[in-house]
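Take a look at the structure below.
Values in this text are rule-based calculations from the coordinates and carry no lab data. In this text the structure is predicted, and so the values were computed from the model without any measurement. All Cβ positions, glycine included, derive from the backbone under ideal geometry; neighbour counts span all protein chains shown.
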Amino acid sequence: MKHFAIPLAALAALALPFSPIAHAQALTPAEISAIDLAVRTTLTETKVPSAEIAVVRDGKIVMDRAWGTASSRIAVARPDLPYQIASNSKQFVAALILLLEDEHKLSLNDKVAKWVPGVTGGDTITIRQLLSHTSGLQDFWPQDYMFTDMTHPVQPREIVDRWAGKPLDYAPGSRWQYSNTGFVVAGLIAEKAGGAPLWQQFEAKLFGPLGIHPLPLDDTNDPARYPEGYHRNALGPVRAATPPAKGWLWAAGELSMTAAELARWDIARIERTLLPDSDWALQETPVLLSDGTTNGYGLGVFNTMRGGRRVIDHGGESVGFLSQNTVFPDNRAAIVVLTNADFSGATDTLTEKIAAIVLPKAGQAQIAELDRLADARATLAMLTAGRFDPARFTANAQYYFAPGTRADYAASLRPLGAPSAFTAPRPPRLRGGFVNRNFKITYGKTKLTLITYAEPGSHGRWEQFMVTPE
C-alpha cells in the first residue's frame with residue numbers, strides 16, 4: 001500500500017452547475033462561508049482526503065461542491081465525480097421492489113421460498129422482512145474492513161448459499177439486525193419478478209426518469225477516472241485502500257453517484273414524484289416487530305425524530321468510502337455528504353455541522369454504557385505495546401491485523417500514553433452473528449473511537465477491533 005499526503009491546495013472548494021439553483025432559496029454568503037469552513041476544518045482534523053456535498057433547501061439544490069483530493073491521480077476533487085454510496089443503495093432496491101408490487105409482479109408479503117430456494121426459513125421470511133432487516137438472516141459483512149474472502153470475486157448466489165443457508169439468528173419479525181445478506185436475497189427476487197437484471201431495472205424505472213447516471217460500484221475502482229478510497233490503521237498514515245473483488249456489494253450497496261444525483265433522489269422523496277406517494281410513505285413507515293416495538297427502520301431507510309424534527313436517513317460504507325444521506329422532509333431540505341475514506345466520523349460530523357447552519361439546531365440524546373469495557377481496554381493496551389495474541393481474535397481479525405497493520409497501531413498509539421478516559425456510549429447490539437460494541441477513548445485532547453465486533457459470550461473472540469479518529 002502507498003502512503004498518501006493531502007495537498008493543502010487541494011482543499012479549495014469547487015462548484016459545478018449540475019442543476020439549476022433556485023435563487024430565492026439560495027444560501028447566503030455567510031452560510032456558504034460557514035459550510036466551507038466546516039468542511040475544510042473537518043477534513044484537516046480527520047485527514048479525510050475529500051468530501052463531495054449537496055444541500056437541498058425548499059426542494060432545490062442550493063449547494064453542489066467538492067473539497068480536497070479525489071485520488072492519487074485526481075489532485076483536486078470535483079462535484080461531477082461519482083463516489084461509492086454503498087448502503088445508501090438499499091433505498092433504491094426497496095423502491096424498485098415497491099414499483100414491482102405496484103405492477104402486481106410480487107407482494108411484500110410473499111415468502112422468500114416462492115422466489116429463491118435454499119434460504120433458511122424461506123417459507124416464513126417475507127420480502128418485507130428482507131427490506132426491513134427483520135428476517136433473521138445473518139449479515140455476511142458486519143466488519144468495517146475487507147475480510148479474506150472478499151479478495152476473490154463472488155456471485156450473489158454464492159453469498160446466499162453461504163450465509164442465507166445458515167441457521168437464522170432469530171425468528172423472522174421478532175428482532176431487528178442489519179443484514180446485507182437480506183438485500184442480496186431481495187435483489188435476486190427483484191430480478192426474477194422483474195424479468196431483467198437489477199441494473200437494467202434501476203435505469204429503466206429510477207435513473208432514467210430522474211435524469212441521473214450512476215455507475216456500478218465495481219466499475220469505479222480506477223483512480224485515474226474516479227475517486228479512490230482510503231483508510232487508516234489507528235492513527236497511522238492515510239493509505240490507498242485495496243478495493244474488494246467484484247460482486248460483494250451488489251444489491252446491498254452497488255451504486256456510485258455524485259452528491260447532486262443523490263440529492264435529486266432526495267428531492268423526488270420530498271416532492272413525492274417518481275414513485276407513487278403511497279410507495280414513499282410505505283418505505284418510510286417504521287416496521288413493527290412482533291412485540292410491537294420499532295427502531296424506526298422502514299424499507300431501506302430510517303425514519304426518526306431528532307430534536308423535534310423528522311429525519312429520513314441512511315449511511316453507507318464500502319472499502320475506502322463513507323456516505324451519509326439525510327432528508328428533513330418537513331423542512332423540504334436534505335444534506336448529502338460523500339467521502340473517500342472509511343475512517344473517522346466525518347460524514348456524521350459534516351451533516352450535523354451543515355444542518356446547524358441551514359436548519360435550526362437539534363439536540364443529541366445521551367445513551368447508556370455497555371459491558372466488556374475492561375477487556376477492550378486491555379486488548380487496546382496490548383496492541384499499543386506492539387503485542388498480538390492470536391487467541392483473542394477470530395481468523396478474519398487475524399487476517400486484518402497483518403504485521404503492517406499491527407505496526408501502524410503500535411507506532412501511532414504508543415506516543416499517546418495511557419487513555420485518560422475509556423467509555424462505552426451505547427448498549428451492545430447484534431449483527432452478522434457478532435456483538436457490536438463501540439467505545440470512546442480520550443488521550444488528553446485526542447479523542448478516538450473503537451468499533452468492535454465479538455463472538456457472543458463474555459469471552460468471545462474479537463472479530464473486529466478497529467481504532468479510528470472520533
| note | Spelling it out for ALA424: with amide H atoms placed in the peptide plane at 1.01 Å from N, the residues 5 or more places away or on another chain with amide H under 5 Å from its amide H are LEU370, LYS440
| note | As straight-line cross-link partners of LYS440, the qualifying aspartates and glutamates (C-alpha separation under 18 Å, not fewer than 8 residues apart within one chain) are GLU45, ASP144, ASP342, ASP348, GLU369, ASP371, ASP375, GLU470
| task | Find out how many positive minus negative residues lie around VAL184, taking Lys and Arg as positive, Asp and Glu as negative, among other residues whose Cβ is under 15 Å from that of VAL184. | result | -1
| remark: The size of the Cβ-based charge dipole (Lys, Arg +1; Asp, Glu -1) of region 159-280 about the Cα centre, to the nearest 20 debye, is 340 debye
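Relative contact order (percent) for the chain, with alpha-carbon contacts under 8 angstrom and 6 or more residues of separation? Mind dumping the intermediate values first?
Values: 1044 pairs, mean separation 89.7, N = 470.
In percent, rounded to a whole number, it is 19.
With n ≥ 4 as the cut-off for DSSP H runs, can you work out [θ] at 222 nm for the chain, using -39500 (n - 2.57) per run divided by the number of residues, rounded to the nearest 500? Present the calculation step by step, with values, prior to reporting the outcome.
Numbers: 13 runs with 127 residues, N = 470.
Using -39500 (n - 2.57) per qualifying helix, the result is -8000 deg cm²/dmol.
Assign one of three labels to region 373-469, namely rounded, prolate or oblate, based on the Cα gyration tensor with a ≥ b ≥ c the square roots of its eigenvalues; rounded applies when a/c is under 1.5, prolate when it is not and a/b is larger than b/c, and oblate otherwise.
Working: a/c = 1.95, a/b = 1.17, b/c = 1.67.
Oblate.
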| request: Determine the alpha carbon to alpha carbon distance for each of LYS60/LYS205; LYS90/LYS447; LYS246/LYS447; LYS105/LYS205; LYS47/LYS246 and list only those over 24 Å. | output: LYS90/LYS447; LYS246/LYS447; LYS47/LYS246
| field | For region 56-77 versus region 294-338, the gap between their alpha-carbon centres in whole angstrom | value | 19 Å
| request: Starting at the first residue of region 396-402, write each ³J(HN,Hα) from the Karplus equation 6.51 cos²θ - 1.76 cosθ + 1.60 with θ = phi - 60°, in whole Hz, x for Gly and Pro. | output: 5, 5, 5, 4, 4, 7, 5
| request: For the chain, divide the Cα radius of gyration by the Kirkwood radius and give the resulting Rg/Rh value with two decimals. | output: 0.94
